[in-house]
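For reference, the structure is listed below as structure tokens.
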Amino acid sequence: YVDVGLDQPAISGDGRFVAYRSDAASTDAVPGWGYGAVEGGPATPQIFVWDRGQGDPFEAVKLVSKRVDGLPTLAGASEPVLSRDGRVVAFTSSDVGLTPAVFPPCADGCPTQVYHLDRDIDVNGRYDEPDRTTMTLVSSEPATAPVVAGTAPSSQPSLSADGQLVAFITKATNLQVVKSAGGGAATDGDLLVADVARDALRRVTMIDDSVRPAVGAHSGPQLSDTGRTVVFDSLAATLVTSRMQRD
């Protein structure tokens, strides 16, 4: 397979963990060639986390983009972000095998979804222990059973320091009761913030009466440590007009 290499690095706030995208077999002590869908074609990129404090090269790197069956994702993954202590990793992937959910029909290519991996659900300080991690589909309809995934691409995740809150951009129209009109560039969309522990999802970009959503033309969200503040790019002029009217 044709390998490109490693990119999209993200570092935890304490500097110990580095998450990145790699199409090589990065969990090997000496990383070897990765694999792909078509022999001789591009290798499939995965998300890995490197523990810089771990001296054992066989234990230092862990695969994050792992399917329910324990195998690496078949469709690839990207855009990793880390919580302050590296316990939580958020990323995007179009693989429908990462968590049990109802996904939209996608014979010609599935939309990307945002995922949240808690690497220490028993909070004992030891990450990635077998059966003690939880993968959550963030870009899904809140409070539904079974989980229903977004019907269009979601991307650009950002985490609060504790990893509890995830901001992301989506073009899916089924994640909020009131739909937002689309607009902007291909990578722009509606801006939502998920509270993973509470299974809650809210829209950030409302205009004057706090009922109408702004046009979904936002990108590049970043959350503060507490998650109280979010900054982002937007082509929705009504957000500025609305703020000026309130002031």
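The values are calculated or read from the model by the stated rules, or taken from the named source; none is laboratory data. Keep in mind the model is a prediction, meaning the values are calculated, not measured. Neighbour counts are summed over all protein chains in view; Cβ atoms, including those assigned to glycine, are modelled from backbone coordinates with ideal geometry. The protein model used for the area step is the full one, side chains on, heavy atoms only, and it has no ligands, DNA or RNA in it. Shrake-Rupley method; radii C 1.70, N 1.55, O 1.52, S 1.80 Å.
Overview of values
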read-out: Test: residue in region 166-176 that is farther than 30 Å from Gly86 by Cα, modelled with pLDDT under 90 and of a type in the set (Val, Ile, Thr); value: no
read-out: Restricting region 58-109 to residues that are in contact with a strand residue (DSSP E or B) (Cβ under 6 Å, 6 or more places away or on another chain) and hydroxyl-bearing (Ser, Thr, Tyr), the residue that is modelled with the lowest pLDDT; value: Thr73
read-out: Qualifying positions in region 47-61 - surrounded by 13 or more Cβ atoms within 10 Å (Cβ to Cβ) and touching a Lys or Arg at 6+ places or on another chain (Cβ under 7 Å); value: Ile47, Phe48, Val49, Asp51, Arg52
read-out: Enumeration of residues in region 7-30 that are over 23 Å from Arg84 (Cβ atoms) and aliphatic (A, V, I, L, M); value: Ala24, Ala25, Ala29, Val30
read-out: Selection count where residues are part of a strand (DSSP E or B) and of a type outside the set (Ser, Thr, Tyr), scope region 12-35; value: 6
read-out: Top-ranked residue of region 20-35 - restricted to ones that are under 20 Å from the mean Cα position of the chain (by Cα) and over 19 Å from Phe58 (Cβ atoms), ranked as least open to solvent (accessible area, probe 1.4 Å); value: Asp23
read-out: Region 66-100, residues that are among the acidic types (Asp, Glu), under 19 Å from Ala24 (Cβ atoms) and in contact (Cβ under 8 Å) with a residue 40 or more places away in the chain; value: Glu79
read-out: From the options Thr144, Thr151, Thr136, residue that is of a type in the set (Val, Ile, Thr) and not in a loop (DSSP other than H, G, I, E, B); value: Thr136
read-out: Boolean, Pro221 is at pLDDT 85 or above, closer than 14 Å to Ser180 by Cα and open to solvent by less than 50 Å² (accessible area, probe 1.4 Å); value: no
read-out: Test result for Val38, assigned to a loop (DSSP other than H, G, I, E, B), open to solvent by 20 Å² or more (accessible area, probe 1.4 Å), over 30 Å from Ala161 (Cβ atoms) and touching a residue at least 40 places away in the same chain (Cβ under 8 Å); value: no
read-out: Selection within region 61-100 - within 30 Å of Ser224 (Cβ to Cβ) and over 16 Å from the mean Cα position of the chain (by Cα); value: Val61, Lys62, Asp85
read-out: Test result for Asp7, within 23 Å of Gln222 (Cα to Cα) and in a strand (DSSP E or B); value: yes
read-out: Yes/no for Phe58 being part of a strand (DSSP E or B) and of a type in the set (Phe, Trp, Tyr); value: no
read-out: Members of region 99-133 found to be open to solvent by less than 50 Å² (accessible area, probe 1.4 Å) and not in a loop (DSSP other than H, G, I, E, B), listed by number; value: Gln113, Val114, Tyr115, His116, Leu117, Asp118
read-out: Any pair with Cβ under 8 angstrom, 6 or more apart, that starts in region 165-190 at a residue that is free of Cβ contacts under 8 Å to residues at least 24 places away in the same chain and over 12 Å from Val204 (Cβ atoms) and ends at one that is crowded, with 22+ Cβ neighbours inside 10 Å and of a type in the set (S, T, N, Q); value: Thr173/Ser180
read-out: Total residues in region 163-216, condition open to solvent by 30 Å² or more (accessible area, probe 1.4 Å) and assigned to a loop (DSSP other than H, G, I, E, B); value: 24
